[in-house]
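Structure first, commentary second.
No value in this document is a laboratory result; all are computed from the given coordinates. Just so it is clear, the structure is predicted and the values come from calculations on it, not from any experiment. Cβ atoms come from the backbone with ideal geometry, glycine included; neighbour counts cover every protein chain shown.
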Amino acid sequence: MAEESNETVSESILHAVKAKDIPFANDGIDSQTIYVDVIRGAVIVGDVAKINLVEHRADVISGSLKAVIVATIVVPKSQLKNWGDFFHKLARRASGNTPDAK
């Protein structure tokens with residue numbers, strides 16, 4: 001029986017690197033920093049969650065504050081629990097109300 005060739009199969013290469021030799025993820029990346037006061041609404045549409053991030057800005061003409069959406073984060077719905085767990089743990093550490101505050 002002749003062996004079949006599958007041209008869609010690719011070869012993998014394993015490359016071991018020490019953790020100290022891995023550059024930081026933000027080395028050489030120019031990403032924006034966005035100041036956010038609050039999360040103003042979130043919605044799940046299909047398999048993604050959309051989270052609106054709001055900054056409060058002063059309207060100098062009227063003397064009032066305006067809530068301006070400065071960014072929307074879109075993440076897979078499957079990652080929401082991980083994000084929630086991460087921010088909950090971070091908030092507990094920041095407040096010092098946790099035994100794992102290290």
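Dipole check for segment 31-95: with +1 at the C-beta of Lys and Arg, -1 at the C-beta of Asp and Glu, and the Cα centre as origin, the magnitude is about 240 Debye.
Please give the contour-minus-distance gain from Asp21 to Val70: 0.36 nm per residue of separation, less the Cα-Cα distance, rounded to one decimal in nm. Don't jump to the answer; show the numbers that get you there.
Working: separation 49, 0.36 × 49 = 17.64 nm, distance 3.57 nm.
Additional length available on full extension: 14.1 nm.
Relative contact order, whole percent, for segment 31-95 stands at 27, derived from Cα pairs under 8 Å and 6 or more residues apart. Per residue, the convex hull spanned by the Cα atoms of segment 31-95 amounts to 124 cubic angstrom.
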